[in-house]
Amino acid sequence: MLSDCWWLMVALTNISNAELESDYALINRLRNALDTGSLLTVLRHEWSYLANSKTKLCSCEVERVHPRRNQGFVIEYLMGFEGPAGSSMQRVFGQVPRHNPRDVFDETIVSLQSRKRRQLSKKYATNHVALIPALGLILRFPGFDEKIDGLRLLRDPNWIVTNLSGGTKPFPDHFARSELLAHRLGKRSVVRLLSDTQEGEAPNAVIVKLYKRHSQRSANVAALMRTLSDSNFGGQNNIRLPEIIHEFPMLPATVMENLSGTPLSELCDRDVASGMALAGRALGTLHDSQIETNEWFGPDDEVALLCERVGLAAEVMPECAPLLYKALGNSQRLIENCRSFEATLIHRDFHEKQILVDGKRAALIDLDTSCMGDPAQDIGNFLAHLKFRELQTSSDVSSQTDAFLDGYRDVRRLPAQARVQAHTKSTLLRMACIYAFSSKWHHLLPRLIDHD
């Protein structure tokens with residue numbers, strides 16, 4: 001099946017036997033790292049963190065796998081621990097590097113301990129980042145990333161204070177603590193900084209979005225957000241964006257206000273319908289903004305992304321390959337018929353967690369992947385996530401779907417139904433490939449693909 005996994009291959013005339021053997025070895029190491037039963041046994045014997053912290057590893061689930069092209073793979077685990085402070089569930093990153101794991105591990109430790117990053121002390125290094133030689137696997141807890149310099153904020157939240165000047169919104173002159181809200185290893189992370197408060201008072205806080213070193217993404221996203229805000233984005237539809245307080249091009253990082261509100265995915269039942277309508281209006285407002293960027297995502301990009309995801313899932317789980325490749329062919333044919341559309345600014349990662357609802361208002365967040373493209377892509381992506389939640393919870397989401405589409409229609413006309421359906425199916429296939437690796441949701445793969 002290796003020849004079907006196009007993203008692992010270069011032209012056969014240019015690939016050596018040594019490189020082929022390396023790819024086979026990499027996939028085998030990935031399979032071993034995904035076998036949670038064997039993984040638990042190995043980690044209980046070899047992971048020094050457990051002995052150092054007097055902690056017991058009780059459970060381990062795979063949540064997602066991220067391909068890193070020529071660097072290997074990153075696995076997101078959810079692990080259950082029991083230690084002196086009680087029981088906890090924590091996410092842990094597992095790296096399956098393409099190159100020698102020992103060399104990659106040594107380079108990682110040196111980089112994290114550098115004076116510039118100051119993320120890892122020599123005394124406790126192996127408590128946070130560890131090599132498991134038997135598996136060729138590097139484990140680390142979120143918050144330690146040699147490619148994101150600004151994560152030193154987690155250890156020193158006031159490191160950034162002296163540079164917070166010239167912003168448009170008040171902010172504290174001292175932060176008491178920091179919280180890691182999200183971390184995509186090697187890509188970006190989100191940190192909340194909170195100030196001291198009196199009893200009963202809500203803390204002042206800011207959100208700091210950190211990007212990998214030398215990335216232009218921070219500046220590009222901030223510029224887009226400022227352009228949208230200057231155009232009075234969403235003012236008539238009760239939709240808003242986070243306000244930018246400050247930018248740090250050298251990190252790079254963007255400091256934003258800490259918005260109030262509840263993620264759409266966490267609303268109570270009585271508020272879901274109105275929240276879905278707000279989500280539809282938010283997306284329609286973005287598509288109707290008349291703002292343009294230099295980045296583009298079209299049908300060819302969608303197919304390439306599908307090929308990558310299907311290729312990986314089929315290579316690691318060959319028993320699923322026939323089903324996956326058949327679905328890929330169907331999606332390719334549908335997407336091929338989506339080449340005629342009026343491009344707008346799209347979100348390109350629009351789902352329930354990208355909307356914060358605060359009463360009758362909503363905020364649209366996380367514009368990192370925004371670009372020009374087919375508005376049907378965003379709608380299909382959102383509808384596919386609703387379908388996934390329906391399968392997860394065995395609930396009926398038809399009323400939520402209707403509320404979302406009605407909200408969108410309040411702002412602008414829906415794209416052609418055939419394009420929305422094509423992008424919904426494409427997203428469902430992509431999600432099937434992502435959750436094929438999930439310990440909890442692997443069983444949903446056929447139902448995601450067979451959805452009509």
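So for region 144-160 (the condition being assigned by TED's automatic domain parsing to the domain that holds residue 197, at pLDDT below 95 and polar (S, T, N, Q)), does at least one residue qualify? Looking for residues that are assigned by TED's automatic domain parsing to the domain that holds residue 197, at pLDDT below 95 and polar (S, T, N, Q), one finds at least one in region 144-160, hence yes.
Just one of (1) within 23 Å of residue 229 (Cα to Cα); (2) surrounded by fewer than 21 Cβ atoms within 10 Å (Cβ to Cβ); (3) modelled with pLDDT of 95 or more fails for residue 360. It is (3).
Any residue at all in region 126-138 that is assigned to a helix (DSSP H, G or I) and within 30 Å of residue 195 (Cα to Cα)? Yes, region 126-138 has at least one match. Scan region 407-424 for residues that are out of contact with any Gly (no Cβ under 6 Å at 6 or more places or on another chain), surrounded by fewer than 22 Cβ atoms within 10 Å (Cβ to Cβ) and either in contact (Cβ under 8 Å) with a residue 24 or more places away in the chain or at positive phi (or both) and the total you get is 6.
The set of residues from region 358-398 being aliphatic (A, V, I, L, M) and either touching an Asp or Glu at 6+ places or on another chain (Cβ under 7 Å) or over 20 Å from residue 234 (Cβ atoms) (or both) comprises 372, 376, 383, 384, 386, 391, 397. When region 42-63 is filtered for residues that are surrounded by fewer than 13 Cβ atoms within 10 Å (Cβ to Cβ) and more than 15 Å from residue 130 (Cα to Cα), the ones remaining, listed by number, are 54, 56. Scanning region 440-452 for residues that are in contact with a helix residue (DSSP H, G or I) (Cβ under 8 Å, 6 or more places away or on another chain) and exposed (fewer than 15 other Cβ atoms within 10 Å of the Cβ) yields 442, 446, 447. For the condition of a type in the set (A, V, I, L, M, F, W, C), modelled with pLDDT of 95 or more and within 25 Å of the chain's Cα centre (by Cα), what is the one hit in 43, 30, 26? Result: 30 is the single residue among 43, 30, 26 that is of a type in the set (A, V, I, L, M, F, W, C), modelled with pLDDT of 95 or more and within 25 Å of the chain's Cα centre (by Cα).
Checking the stated criteria, residue 378 turns out not to satisfy the condition of being surrounded by 14 or more Cβ atoms within 10 Å (Cβ to Cβ), in contact with a helix residue (DSSP H, G or I) (Cβ under 9 Å, 6 or more places away or on another chain) and free of Cβ contacts under 8 Å to residues at least 60 places away in the same chain. Answer with yes or no whether residue 95 is assigned to a loop (DSSP other than H, G, I, E, B) and either under 15 Å from residue 144 (Cα atoms) or in contact with a helix residue (DSSP H, G or I) (Cβ under 6 Å, 6 or more places away or on another chain) (or both). For residue 95, the condition - assigned to a loop (DSSP other than H, G, I, E, B) and either under 15 Å from residue 144 (Cα atoms) or in contact with a helix residue (DSSP H, G or I) (Cβ under 6 Å, 6 or more places away or on another chain) (or both) - is not met. Scanning region 425-439 for residues that are of a type in the set (Gly, Ala, Ser) and crowded, with 20+ Cβ neighbours inside 10 Å turns up 426, 432, 436. How about region 224-251: which of its residues are surrounded by 14 or more Cβ atoms within 10 Å (Cβ to Cβ) and aliphatic (A, V, I, L, M)? Answer for region 224-251, where residues must be surrounded by 14 or more Cβ atoms within 10 Å (Cβ to Cβ) and aliphatic (A, V, I, L, M): 224, 225, 228, 239, 241, 244, 245, 251. Looking only at region 372-413, residues that are outside any helix (DSSP H, G or I) and either modelled with pLDDT under 95 or hydrophobic (A, V, I, L, M, F, W, C) (or both) come to 6 in all.
The values are calculated or read from the model by the stated rules, or taken from the named source; none is laboratory data. Only a predicted model underlies this, so the values are computations on that prediction, with no experimental measurement involved. Glycine also receives a Cβ, built like all others from the backbone with ideal geometry; neighbour counts cover every protein chain displayed.
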